[in-house]
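Participant: Pasting in a structure now, in structure tokens, and then I'll have a few things to ask.
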Amino acid sequence: EFRRVLFRSPMMFRYIANILENIWRQPHILAARSRGISWSRLFMWHVLRNGVPELIGLAGISVGMALGVLIPIEAICDSPGLGQLALRAALARDLPVLMGLTLVISLVTLTANMVADMINDSSMPRSQ
């Protein structure tokens with residue numbers, strides 16, 4: 001949903017900008033810049049290549065963060081979904097539903113992180 005994306009986007013943009021800024025300051029990037037490599041080639045071949053593993057990890061973590069904000073956002077916006085179900089189950093003290101939702105959210109988060117790690121491992125020849 002668009003509201004969930006807007007809720008986390010400033011933090012994600014700041015984190016991505018921080019990752020790229022740290023890569024721009026690395027010595028091999030400074031050396032490539034001093035040799036006169038064009039900005040586009042430098043960005044595509046050196047900066048993004050070194051930043052992709054961190055960005056993939058960020059994508060895996062962001063799934064868990066998106067699921068973590070379900071309850072407050074859906075309660076405020078009064079939209080149906082897992083957060084609304086969790087809130088109603090908590091107010092009704094329906095423990096089996098809460099335990100099931102906790103299990104589902106945990107498994108989705110774990111699976112997203114595992115997939116991100118597998119993509120990271122397969123995309124980085126240094127780790128093999």
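The values are calculated or read from the model by the stated rules, or taken from the named source; none is laboratory data. What you see is a predicted model, and the numbers here were worked out from it, not measured in a lab. Backbone-built Cβ (ideal geometry, glycine too); neighbour counts: all protein chains shown. Protein only, heavy atoms only, side chains kept; ligands, DNA and RNA dropped before computing areas. Shrake-Rupley method; radii C 1.70, N 1.55, O 1.52, S 1.80 Å.
Participant: Just checking: which of the helices (runs of 4 or more DSSP H) contained wholly in the stretch 69-128 hold 1 or more residues that are within 25 Å of residue 56 (Cα to Cα) and at pLDDT below 85? Break it down stepwise before answering.
Facilitator: Numbers: elements: 70-77, 82-91, 95-123.
Passing ranges, in order: 70-77, 95-123.
Participant: Would you mention how many residues in the stretch 26-68 are among the β-branched types (Val, Ile, Thr) and not in a helix (DSSP H, G or I)?
Facilitator: Total meeting the criteria: 1.
Participant: Still on this structure: Would you confirm whether or not the stretch 98-119 contains a residue that is closer than 30 Å to residue 32 by Cα and open to solvent by 60 Å² or more (accessible area, probe 1.4 Å)?
Facilitator: Scanning the stretch 98-119 turns up at least one residue that is closer than 30 Å to residue 32 by Cα and open to solvent by 60 Å² or more (accessible area, probe 1.4 Å).
Participant: Is it the case that some residue within the stretch 72-88 is in contact with a Lys or Arg (Cβ under 8 Å, 6 or more places away or on another chain), open to solvent by 50 Å² or more (accessible area, probe 1.4 Å) and of a type outside the set (Gly, Ala, Ser)?
Facilitator: yes
Participant: Still on this model: Being in contact (Cβ under 8 Å) with a residue 24 or more places away in the chain, surrounded by 16 or more Cβ atoms within 10 Å (Cβ to Cβ) and in contact with a Gly (Cβ under 7 Å, 6 or more places away or on another chain) is the requirement here; does residue 50 meet it?
Facilitator: Spelling it out, it is not the case that residue 50 is in contact (Cβ under 8 Å) with a residue 24 or more places away in the chain, surrounded by 16 or more Cβ atoms within 10 Å (Cβ to Cβ) and in contact with a Gly (Cβ under 7 Å, 6 or more places away or on another chain).
Participant: Restricting to the stretch 60-71, and then to whatever is of a type in the set (Gly, Ala, Ser), in contact with a helix residue (DSSP H, G or I) (Cβ under 6 Å, 6 or more places away or on another chain) and farther than 13 Å from residue 104 by Cα, can you tell me which residue is least open to solvent (accessible area, probe 1.4 Å)?
Facilitator: 60
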